[in-house]
Structures are given as structure tokens and as C-alpha cells.
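The values are calculated or read from the model by the stated rules, or taken from the named source; none is laboratory data. Keep in mind it's a predicted model, so treat the numbers as computed, not measured. Virtual Cβ from ideal backbone geometry, glycine too; neighbours counted across all protein chains shown.
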Amino acid sequence: MKKRSYARIHQSKECLSSLGDISYRSLFGGYSLTVENVVFAMVSEGELYLRACEQSEVYFVKRESAPLVYNKRGRTIELNYYRIDEELWRDQEKLLQLSTGALFSARREKSRQKAQKRLKDLPNLTHNLEMMLWEAGIADVRTLHAYGAKRSWIKLRNRNKRLGVQVLLALAGAICGIHEAALPAATRRELVEWGHLYQQRHMR
């Protein structure tokens, strides 16, 4: 399988050479393709997957392209990368157009992330909790604020029923920019009561 992947990497570097100097490294059980340390594609089990962007998502959905998936601790996680089929390999102009869009979008996202705090930089949020939020689809501070503490906690509990109200309080404090112990007493009481009621209603 590695031989097939290396052959696909070599083919990708040749076809997409106009994007710049393409490098690769091991990632998610496959290989990431980067230009100037910006990941725009993945090679897994001998197949090339392009990062989806505004220009390409409609194209991939219309063609029902297969997404890239990998297993982590028994969980199947679907990534926002789509497989390049043989028809697209034959259409070099279209492939280069989609790849250019993927690289541009990845660069823009990386620049945006540099300007933002990571989730683990917020009060109460450990690296482990940051990873849990990421797996639940909450990958940045803006998204956490948009969901709010309660909805974010529910999304986490949908993946791990053992999470208690302490995590809910941690999320609320993180959104407010304070340690959870510093939450106003009324806010803390309301969250604890709501969290316990939610747990009771959703007990199996």
C-alpha cells in the first residue's frame, strides 16, 4: 500500500508542480501534501484527496466523491477532503483548478487561525477538551461562542455520555474568559440545575 501511495504522491507532484514545491509527510495514517507548510491535499491508500473549498465543494457533492475517513480510538472521523477519481486525473486543467482553489483556501484558513486564539488558550480548556470539541465539530473560538456553553456541551455529550456538568461550567467560563469558579453564583446555579435536568431526561 505504501508503494501505491508513494506512486500517487509522485504523480501529484508532477501534475501540480505549478502550485509550487510540494512536500509530504505522514498524517492521519496517510500523507499530507503541502506547499510552504500549508496542507491542501492528502494521499491515503494510494488515492489523492483534495481539501474542499468554496469552489470545489459543489463539484465534489455533485459527483458524489468519496470523503477521506480515518479511525481514531474506534471512532470513524470524516475529513473535509474528497477523492480524485480517474476521470478527473484525465482532466488536468480541472484538477489544477480545483487544487489551486484548495491551496488558496487552506492558506486563507491558516492565516485566519494565526490571528485567533486556540481553544486550549481559553480558561478551563485543556488540550484534551480542545480535541473533544474539535471532534464534535467545534474547532475554533468563534464557533464555540456561536454555539454557546449549553449547545456545545450537548454536542460533546452526544459523543461521550459520561461528561458531567463540570464540563458545562468549564465551557461557560471559557466563553466568558474566566475560570469556572469565578462564574456568578446565579449563572452557576442555573447551569448546574439545567445540566442535571438534561442528564435525567436523556438517561437510558
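Do any helices (runs of 4 or more DSSP H) entirely within region 93-204 hold 3 or more residues that are of a type in the set (V, I, T) and at pLDDT below 90, and if so, which?
Values: elements: 127-135, 141-159, 165-176, 185-201.
Of the helices (runs of 4 or more DSSP H) lying wholly inside region 93-204, none has at least 3 residues that are of a type in the set (V, I, T) and at pLDDT below 90.
I need the full set of residues from region 162-180 which are farther than 25 Å from R142 by Cβ and surrounded by 11 or more Cβ atoms within 10 Å (Cβ to Cβ), in order please. If you could, list the steps in order and put the result at the bottom.
First, pick out the residues of region 162-180 that are farther than 25 Å from R142 by Cβ: 162, 164.
Of everything in region 162-180, just one residue is farther than 25 Å from R142 by Cβ and surrounded by 11 or more Cβ atoms within 10 Å (Cβ to Cβ), namely G164.
Let's see how each residue does on (1) in contact with a Gly (Cβ under 6 Å, 6 or more places away or on another chain); (2) modelled with pLDDT of 90 or more; (3) at positive phi:
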{"residue": "R8", "(1), (2), (3)": "yes, yes, no"}
{"residue": "G30", "(1), (2), (3)": "no, no, no"}
{"residue": "G46", "(1), (2), (3)": "no, yes, yes"}
{"residue": "R63", "(1), (2), (3)": "no, no, no"}
